[in-house]
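Asker: What follows is a single structure, and I will ask about it in a moment.
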Amino acid sequence: MDVTILAVITLGLLVFIAHGLETVFARTKIPDALILLCIGLFLGPITGLVTPEYMGKVGPVFTTMTLVVILFVGGLGLDPKALGKSLIGASGLTVWNFVGTMLVVAPIANLFLGFDWLMSFTLGAALGGISSALVIPIVKRLALKEKARTIMTLESAMSDVLVIVVALALIEAQAGEKFQVGTLFGHMFSSFVAAALIGGTAGIFWSLALKWLHGLKKSILTTPAFVLVVYGVVESMGFSGAIAALMVGITLANIKESPPFFLRFLRKRRHMLASPSETELAVFVEGAFFL
């Protein structure tokens, strides 16, 4: 059978399997994302039937697009009130999880893999984050309280900032450059805050555009496309595209009915704004599920 035909059939079967696993989750409370992850491990590292190279140059683009859409959809489901109450808890969980992973991974890499300590901590930093693409679909399906779901969603996005900034700083140190703690924290702070501000501003702009540019309403895909552009621009500026995508979702979901505390000036101008409709939200969720 032709490889392309086989890939198309496999993709279709995976979609049917994924939908079927929702029934399994309803009965067993085992998230479908975990079962799909096991299928991926079986097809990839265990049997070698599929390798990342099979996806070619499209692979990284596809995985990045998936992450962006899932973060955006995750942001659409966050309540700004729960967001404010959960931010401190999410920040603490992110730091403890990241530091704890580094402290566990580094000695193992040093003792059993023969890495020096700097390389060992670099590996620990690279593994210190959790995948938003896995966490967000799982927490959406589990019977968690709003605060717990918000903390887990924020933690998965915030850990991306820690992983990228700390791992790159340690890699630079391996290359002989100075490792400066102050610069490290400065990069993390600027990456998070700048990305959040840009994402929030982009969400306001797109809400106004949806209200006044009627041509945009003819295509539901324009909003995810806009989020992809925001992610790319923010990443190219050296900030966290993941945080920006999450903030676009949070802003668009709440800007009209319940503007976040930092957008109080918009409460008297709600007639100028638009949020995604129920139909659009359903399409976004299904698109994230498919990806």
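Each value in this text was obtained by applying a stated rule to the coordinates, not by laboratory testing. If you're wondering where the values come from, they're calculated on a predicted model, not measured in any experiment. Every residue, glycine as well, gets a Cβ built from its backbone with ideal geometry; the counts of neighbours run over all protein chains shown.
Asker: Among LYS29/LYS57; LYS85/LYS256; LYS57/LYS81, which pairs are too far apart, with a Cα-Cα distance over 31 Å? Please list the in-between numbers first.
Answerer: Numbers: LYS29/LYS57 36 Å; LYS85/LYS256 21 Å; LYS57/LYS81 41 Å.
Violating the 31 Å limit, Cα to Cα: LYS29/LYS57; LYS57/LYS81.
Asker: Here is a further query. 7 Å from Cα along Cα→Cβ at both LEU168 and MET237: what's the point-to-point distance in nm?
Answerer: Output for this residue pair reads 1.4 nm.
Asker: Here is a further query. Mind telling me which of LEU93, LEU144, LEU113 comes out most flexible in a GNM of the chain, alpha-carbon contacts under 10 Å?
Answerer: LEU113
Asker: Sticking with this one: What nm value, rounded to one decimal, do you get for the distance between THR51 and ALA26 when each label is placed 7 Å out toward the C-beta?
Answerer: A separation of 4.1 nm, rounded to one decimal place.
Asker: Going through the stretch 1-74, which trypsin sites (Lys or Arg not before Pro) have at most 13 other Cβ atoms within 10 Å and a DSSP loop state?
Answerer: Passing both the DSSP loop test and the Cβ count: LYS29, LYS57.
Asker: On to the next question. Tell me whether the chain comes out rounded, prolate or oblate; compute the Cα gyration tensor, take square roots of the eigenvalues as a ≥ b ≥ c, and use a/c under 1.5 as the rounded threshold.
Answerer: On the way: a/c = 1.70, a/b = 1.15, b/c = 1.47.
Oblate is the answer for the chain, as a/c is 1.5 or above yet b/c matches or exceeds a/b.
Asker: Now for a separate question. Tell me the mean residue ellipticity at 222 nm calculated for the chain from its helices only (DSSP H runs of n ≥ 4, each -39500 (n - 2.57), averaged over every residue, nearest 500).
Answerer: On the way: 11 runs with 211 residues, N = 291.
The helix contribution divided over the chain gives -25000 deg cm²/dmol.
Asker: Does the stretch 1-56 come out rounded, prolate or oblate by the C-alpha gyration tensor, with a ≥ b ≥ c the root eigenvalues, rounded set by a/c under 1.5 and, if not, prolate when a/b is larger than b/c and oblate if not?
Answerer: Working: a/c = 3.31, a/b = 1.68, b/c = 1.97.
Here the stretch 1-56 falls in the oblate category.
Asker: So if we plug the beta-carbon distance of VAL3 and THR64 into 1/(1 + (r/R0)^6) with R0 = 35 Å, what FRET efficiency do we get, rounded to 0.05? Mind showing how you got there, number by number?
Answerer: Numbers: r = 24 Å, r/R0 = 0.68.
Calculated transfer efficiency: 0.90.
Asker: Which of the peptides 153-163, 102-112 is most tightly packed, and how do the rest follow, judged by the mean count of other Cβ atoms within 10 Å per residue?
Answerer: Listed from highest to lowest mean packing, they are 153-163, 102-112.
Asker: Moving on to the next point. What order do you get for 191-200, 58-67, 247-256 when each peptide is scored by the mean count of other beta carbon atoms within 10 Å, highest first?
Answerer: Working: 191-200: 20.5, 58-67: 13.8, 247-256: 25.4.
Ranked by mean Cβ neighbours within 10 Å, highest first: 247-256, 191-200, 58-67.
Asker: In Å³ and rounded to a whole number, note down the convex hull volume per residue for the Cα atoms of the stretch 60-133. Can you show the working numbers first?
Answerer: On the way: hull volume 7.2 nm³, N = 74.
Convex hull volume per residue, Cα atoms: 98 Å³.
Asker: Mind ranking 276-283, 31-38, 165-172 by how tightly packed they are, going by the mean number of other C-beta atoms within 10 angstrom, highest first? Walk me through the numbers on the way to the answer.
Answerer: Working: 276-283: 14.0, 31-38: 16.9, 165-172: 18.8.
With the highest mean Cβ count within 10 Å placed first, the list reads 165-172, 31-38, 276-283.
Asker: Further question: How many nm is it between the label spots at ALA148 and VAL229, if each spot is 7 Å from the Cα in line with the beta carbon?
Answerer: A separation of 4.0 nm, rounded to one decimal place.
Asker: Rounded if a/c is under 1.5, else prolate if a/b beats b/c, else oblate: with a ≥ b ≥ c from the C-alpha gyration tensor eigenvalues square-rooted, which is the stretch 32-169?
Answerer: On the way: a/c = 1.95, a/b = 1.17, b/c = 1.66.
Because a/c hits 1.5 or more and a/b fails to exceed b/c, the stretch 32-169 counts as oblate.
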